Amino acid sequence: FGPNGDQPLDRQAVIDAFRTLAEEIGGPQGPIASPEQVAAGFLAIAVEKMAGAIKQISLQRGYDVSQYTLCSFGAAGGQHACLIAENLGIRRIFLHPLAGVLSAYGMGLADWRVIHQRASEAPLAEYSWASLQATVADLGRQGSADLLAQGVATPQITHLAQVYLRYQGTDLALAVPLAEPATLVAQFEQCHQQRYGFTLPEQPLVVESVAVETMGQGGGGSPPGDLPPRTEPLQAATTVCVYSRGQWWETPVYQRRHLAADDAVIGPALIVEPTGTNMVEPGWSAQITRAGNLILEQRRHPQPATAVPLSTRVDPVRLEIFNHRFRAIAEEMGVTLQNTSSSVNIKERLDFSCALVDHQGQLVANAPHIPVHLGSMGASVVSLMADRGADFQPGDVYVSNNPYN
């Protein structure tokens, strides 16, 4: 920091700025939160938005994020990886030895790649295994020639072939690995079921295109070597106070380069490295593998030392979090509706809108789908409640197509 890049962080300036912000938020009635609570509020909102983006992308592809490991990277990624994982229901986090510069490191190790694709638009029934193999072989030769022209040695070249299939009468193609036609059908149906929630077994399949990705081995460096085992007791470099989960914690700080294979650290803890800082939140543990990877696992769901009392005063942090969460629910409704529908109007024309309403039928949050629907959605729900409200049960689904309502 500073003109010459040699000045440390000014902790007091940060405290003063957040104290001023807390006074501005509180208004005439005075601050409703301490400076550290306001700072934690900013982080909570950021975590909510990042987790929402991960969840939406995964949902679109038919994945349940809670069944996966979160790969954290970037210099700041490790600072809030535990909080994002908790938001997503993920209990395991992976941090590469060079997580802070993983994008640059990955570019250095990246393979050379070229993709050749041939359009087909022919029914799968017209393809034989031999004809598919011939098409792939021709595309592979083109890819090899391209990489050889760029100086890649022949023994380093490999190929990955995929067939893009879709149901006849639809426009949504899915890529499946090259196989015999019967296996292609099974792979496509499994992929379609996961992505969209249904299959159309009576509908013939169309080969939209065949693609071959030709790869040549990259040469941007070698991965870090294995870590040696520990020969002396693990000791923290220092101890600092960290604010987390509504309270201050005495938190040990470890240098990642001093960790040995199979070392385990119980949160709260900070693990510092040249390209980033990793926060092991209370309720989490960290273990370093022989390859130098840092694995964080959730041990329990910790509770704050003191409960935060509810207040009738407006809490801008909580308001923003719930505003984003309600809107995210409506957006996820739209993704699920689009994925699982077979109607062209829904799946491809996107002629729908989704929203949440309260117990009186008033709009709470809506996704940015087609705004013209939202003016009548509330009225439709109010009308439905007036007609059938006494019969509502959890899990019920009502379909209404009454233009008057």
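The values are calculated or read from the model by the stated rules, or taken from the named source; none is laboratory data. Since this is a predicted model, take the numbers as computed values, not measurements. Reconstructed Cβ throughout: ideal geometry from the backbone, glycine too, with neighbour counts over all protein chains shown. Only protein heavy atoms, including side chains, enter the accessible area calculation; ligands, DNA and RNA are left aside. Shrake-Rupley method; radii C 1.70, N 1.55, O 1.52, S 1.80 Å.
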message: Based on this model, can you work out whether Ala75 counts as open to solvent by less than 60 Å² (accessible area, probe 1.4 Å), in contact (Cβ under 8 Å) with a residue 12 or more places away in the chain and either more than 23 Å from Phe322 (Cα to Cα) or in contact with a helix residue (DSSP H, G or I) (Cβ under 6 Å, 6 or more places away or on another chain) (or both)?
response: yes
query: Regarding Glu24, is this residue charged (D, E, K, R), part of a helix (DSSP H, G or I) and crowded, with 16+ Cβ neighbours inside 10 Å?
result: no
statement: Flagged in segment 274-293 as open to solvent by 40 Å² or more (accessible area, probe 1.4 Å) and aliphatic (A, V, I, L, M), in numbering order, are Ala291
- prompt: Quick one: how many residues across segment 56-72 are open to solvent by less than 70 Å² (accessible area, probe 1.4 Å) and modelled with pLDDT under 90?
  reply: 6
- request: Output the number of residues of segment 283-292 satisfying the condition of being within 14 Å of Ala81 (Cβ to Cβ) and at pLDDT below 95.
  value: 1
- prompt: Being in contact (Cβ under 8 Å) with a residue 12 or more places away in the chain, surrounded by 13 or more Cβ atoms within 10 Å (Cβ to Cβ) and in a loop (DSSP other than H, G, I, E, B), is that true of even one residue in segment 378-389?
  reply: no
message: When the residues of segment 322-359 are narrowed to those that are of a type in the set (Lys, Arg) and in contact with a helix residue (DSSP H, G or I) (Cβ under 9 Å, 6 or more places away or on another chain), which ends up modelled with the lowest pLDDT?
response: Lys347
field: Single condition Gln193 does not satisfy, out of (1) closer than 18 Å to Lys347 by Cβ; (2) open to solvent by 60 Å² or more (accessible area, probe 1.4 Å); (3) in contact (Cβ under 8 Å) with a residue 12 or more places away in the chain; (4) not hydrophobic (A, V, I, L, M, F, W, C)
entry: (3)
- request: Working only within segment 360-375, note down all residues that are open to solvent by less than 60 Å² (accessible area, probe 1.4 Å) and either out of contact with any Cys (no Cβ under 8 Å at 6 or more places or on another chain) or at pLDDT below 85 (or both).
  value: Gly361, Ala365, Ile370, His373, Leu374
- prompt: Which ones in segment 224-271 are under 27 Å from the mean Cα position of the chain (by Cα), without any contact (Cβ under 8 Å) to a residue 60 or more places away in the chain and more than 18 Å from Glu297 (Cα to Cα)?
  reply: Val242
task: Evaluate segment 149-157: report whether one residue or more is exposed (fewer than 14 other Cβ atoms within 10 Å of the Cβ) and touching a Ser or Thr at 6+ places or on another chain (Cβ under 9 Å).
output: yes
Given (1) farther than 29 Å from Tyr167 by Cα; (2) without any contact (Cβ under 8 Å) to a residue 40 or more places away in the chain; (3) open to solvent by 40 Å² or more (accessible area, probe 1.4 Å), number of the condition Ala355 does not satisfy: (3)
message: Take residues that are closer than 26 Å to Ser58 by Cβ and tell me which of the strands (runs of 3 or more DSSP E) falling wholly in segment 150-266 contain 3 or more.
response: 157-167, 174-177, 205-216
- prompt: Scanning for something at pLDDT below 90 and at positive phi, does segment 246-266 turn up at least one residue?
  reply: yes
query: What do you reckon, is Arg118 within 16 Å of Glu213 (Cβ to Cβ), open to solvent by 50 Å² or more (accessible area, probe 1.4 Å) and in a strand (DSSP E or B)?
result: yes
query: Taking segment 91-115, which residues are open to solvent by 40 Å² or more (accessible area, probe 1.4 Å) and part of a strand (DSSP E or B)?
result: Arg92, Phe94, Trp112, Arg113, Ile115
message: Six or more apart or on different chains, Cβ atoms under 8 Å: show the pairs whose first residue is in segment 31-42 and without any contact (Cβ under 8 Å) to a residue 24 or more places away in the chain and whose second is outside any helix (DSSP H, G or I) and open to solvent by less than 30 Å² (accessible area, probe 1.4 Å).
response: none
